[in-house]
Amino acid sequence: MQWIRDGRVAVDGRVVLDPEFPTIAGRHRIAVDGRDLDAAVERLCIALNKPRGLVTTAKDERDRDTVYRCFDDAGLPWLAPVGRLDKASEGLLLFSNDPAWAARITDPATGPDKRYHVQVDRRPDDDVLEALEDGIVVDGERLHAKSATLLRAGDRTAWIDFVLDEGRNRQIRRLLAAFDFEVLRLVRVSIGPIELGELAKGAWRVLSAEEVAALGGD
C-alpha cells in the first residue's frame, strides 16, 4: 500500500497513486521502482472485521481514517474492498486483488446473501417484521429484506437478524427509517458461507481456496 502512495508503482509505464486501481494479471505490466515484477501476482482474498468509524475507501477526501489502517505494515499487495460498509457500520468486509472475482460477489444476480445483526431503539412487532420483508418504496427505490427476524429484545432496545439478497446504498438504515426505527448498531456477520465468527475487531485473515471458490467460483 505504502509503495503505491509513495509513487513507486507503475502500471503500463504510468505511475499509479490509487491503491484501488484495477489490474488484470497477464494484461497489465506492473513495475516497482522501474523494475517489472517477475512473477504473476496470485489471487488473494481476505476477510476483515471492520471496526466502526472507518470509511471503506483507500483515501478519504476529508482525511478520515479508512479501513486500510487495519493493514498497516502487513506487507499485503494491492487489494480493493469487495462491496462496502458505511462508516457507522461494522463487521465482515472482504478484499481482493481479483476484480473479476469481486464483481461476481457484488453482482445481485450471482452474489451470495449477506446477513446482518442490527440493534434498534425498540422492539419490532410481527407486523413490522413482515412489512420489512414485503418492502416499501423509499426515494423511488423499492427496499426490502429477504428475511427479518427478531433475535432478542430488552426493555429499550432489540436486535433484528436481516438477510439481504441485493446491495443497495444504506439499504437497511433507509428501510428501518421508513418505519421510524433508529439504528444503534449494524454488524455484518456473514457473506454467503463466510462468517465473521470470532475474528477480532480490526483483525483480518486470508480466505482459503475452498472459501474463495464457494463465494465466487474459480
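Read the figures in this text as sums done on the coordinates, not as results from a lab. Only a predicted model underlies this, so the values are computations on that prediction, with no experimental measurement involved. With ideal geometry, Cβ positions are generated from the backbone for all residues, glycine too; neighbour counts draw on all protein chains shown.
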Quiz item: For the range 87-170, treating each Cα as an identical point scatterer without solvent, what Debye log10 I(q)/I(0) comes out at q = 0.19, 0.20, 0.22, 0.25 1/Å?
Solution: -0.97, -1.04, -1.17, -1.32
Self-check item: Coordinate range along principal axes, alpha carbons of the chain, Å, largest first
Solution: 63, 37, 35
Exercise. Can you find, among 158, 129, 187, the residue farthest towards the positive end of the dipole of the range 114-191? Put +1 on the C-beta of Lys and Arg, -1 on that of Asp and Glu.
Key: 187
Quiz item: In the range 66-100, which residues have a backbone nitrogen under 15 Å from the label point lying 7 Å from residue 110's Cα in the Cα-to-Cβ direction?
Solution: 83, 98-100
Quiz item: Excluding same-chain residues fewer than 8 positions from residue 114, which aspartates and glutamates have a Cα within less than 16 Å of its Cα?
Solution: 86, 90, 133, 161, 165, 166, 195, 211
Self-check item: Added length on full extension, which subtracts the Cα-Cα distance from 0.36 nm per residue, residue 211 to residue 62
Solution: 50.1 nm
Quiz item: Gaussian network model of the chain, Cα springs within a sub-10 Å range: biggest mean-square fluctuation belongs to which of 140, 13, 197?
Solution: 140
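From the helices alone, meaning DSSP H stretches of at least four residues, give me the mean residue ellipticity at 222 nm for the chain, per-run term -39500 (n - 2.57), in deg cm²/dmol to the nearest 500.
-4500 deg cm²/dmol
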Exercise. About the Cα centre of the range 114-191, how large is the charge dipole given +1 on each Lys and Arg Cβ and -1 on each Asp and Glu Cβ? Please answer in debye to the nearest 20.
Key: 500
Quiz prompt | Cα-only radius of gyration and Dmax that characterise the range 116-218, units Å | solution = 15.3, 48
Practice problem: Report the charge-dipole magnitude of the chain in Debye, nearest 20, computed about the Cα centre from +1 at each Lys and Arg Cβ and -1 at each Asp and Glu Cβ. | Solution: 500
Quiz prompt | Spacing of the two label points (7 Å from each Cα toward its C-beta) at residue 17 and residue 44, in nm | solution = 2.4
